[in-house]
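*Asks:* I am attaching a structure below and will ask some questions about it afterwards.
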Amino acid sequence: ADAIEASAVVLATPAELCQVLEHRPSLYGALRCEALVCDELDLLMPSRKSSGAKVTRWQDRGDHPAEALAKLAAKRCGSSLQVLAGSATLDRASKTKLERALKGAPKVALPLPVVACDAGKSMVVKTKRAPGRPGNVRTTIAPKRVAHRSSTKADPVEGAAAALAALKPRVALVFVCGSSKLKVRAVAEDLGARVLNDALFPSSARSRRRNYATKSSNEKKALEAAEKSTDADKRAAVTRDAAEQLRADVIGATVEAPVVLVASEDRARGLDIAGVEAVLILGGPANADTFVHLSGRVDRDPLSLQSGPEPSV
């Protein structure tokens, strides 16, 4: 809470920020918001009502934390409030929820305008209708030059290995869907790849436990004691160093020494790794929105990659 009071920009998950405001009433009263940015709006304000326990005393029942924060921003805004919200799978219900939450802001003009980015006419809008369900329409935006391919092999891992051998990408992401019944770590071992979580978050509790899973009892106790004495700042430094190392590996990747990262399908949103030339999806994604975000990890900067190889999904 002290850090938030002294900051000009606050980056947090809505639930975490709601909890901070709940335990520091003075911060709630002193908040003056001039800009509100909501990334992945369809996840922050989904069409369904919040079914969990009430997060804060000042949050309306049934509201998701992001809705409560938007209402707070509207009430506590200064002379003006700037709002930017977006998602590759933005839907009408989420936009309506945000507009309803912002009604208290005097200078926010509703309805909010929808702006679609088209970088140099390199994007294409695709509209699909679900068979037998004429009302189910999904509109997505994707780079024109991304090639979508399918594997003919029955084994998803064999298909992924064959695709990597044929495409020869310098940087590739492999997403493992729950429907495939495969384990991320097993897939990474079979492909000779790296697990994304290990590469980005080596100091996480799960990664630390895995490091001493095969140790003896005394070695395990010694490692646990050493970890307890390590403060949060040191762990954060380890994570930052890991991110920098991964960035350096990606920049230096070649066809002969590619960087292949494996992750579960729920790790796609917000993941931005420059230079990804291929995305491999093992199994069927949970829904159409998940597929959009999985395939959207490739060709993140169409303007800078116009002369590069054709990216594939």
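*Asks:* I need the phi-derived Karplus couplings for region 98-115: 6.51 cos²θ - 1.76 cosθ + 1.60, θ = phi - 60°, integer Hz, Gly and Pro marked x.
*Replies:* 5, 5, 5, 6, 8, 4, x, 7, x, 10, 8, 7, 10, x, 5, x, 9, 10
*Asks:* So if each residue of separation counts as 0.36 nm, and I subtract the Cα-Cα distance between residue 48 and residue 4, what length gain in nm does that give?
*Replies:* Extra length available between residue 48 and residue 4 comes to 12.8 nm.
*Asks:* Magnitude of the Cβ-charge dipole of region 1-110, K/R +1 and D/E -1, about the Cα centre, nearest 20 debye?
*Replies:* 540
*Asks:* So, one more: How much length is gained if the chain between residue 112 and residue 93 is pulled fully straight, taking 0.36 nm per residue apart and subtracting their Cα-Cα distance, in nm to one decimal?
*Replies:* 5.5 nm
*Asks:* Then there is this: Report, to two decimal places, the Cα Rg of region 235-280 normalised by 2.2 N^0.38 Å (N = number of residues).
*Replies:* Expressed relative to 2.2 N^0.38 Å, the Cα Rg reads 1.26.
*Asks:* Related question: In Å³ and rounded to a whole number, note down the convex hull volume per residue for the Cα atoms of region 68-115.
*Replies:* Looking at region 68-115, the number lands at 74 Å³ per residue.
*Asks:* Looking at this model, which pairs from 75/107; 49/95; 49/181; 49/97; 183/221; 181/220 are more than 21 angstrom apart at the alpha-carbon?
*Replies:* Distance filter (> 21 Å) returns 49/181; 183/221; 181/220.
*Asks:* Something else: Where a Cα-Cα gap under 16 Å defines reach, which aspartates and glutamates qualify for residue 168, not counting those fewer than 8 residues away within the same chain?
*Replies:* 158, 256, 277, 299, 310
*Asks:* On full extension of the chain, what length is gained from residue 237 through residue 147, given 0.36 nm per residue of separation minus the C-alpha to C-alpha distance?
*Replies:* Roughly 28.6 nm would be gained on extension.
Laboratory data are not the source of any read-out in this text; all were calculated from the coordinates shown. Note that the coordinates shown come from a computational prediction; the quantities given were computed from them, not determined experimentally. Virtual Cβ from ideal backbone geometry, glycine too; neighbours counted across all protein chains shown.
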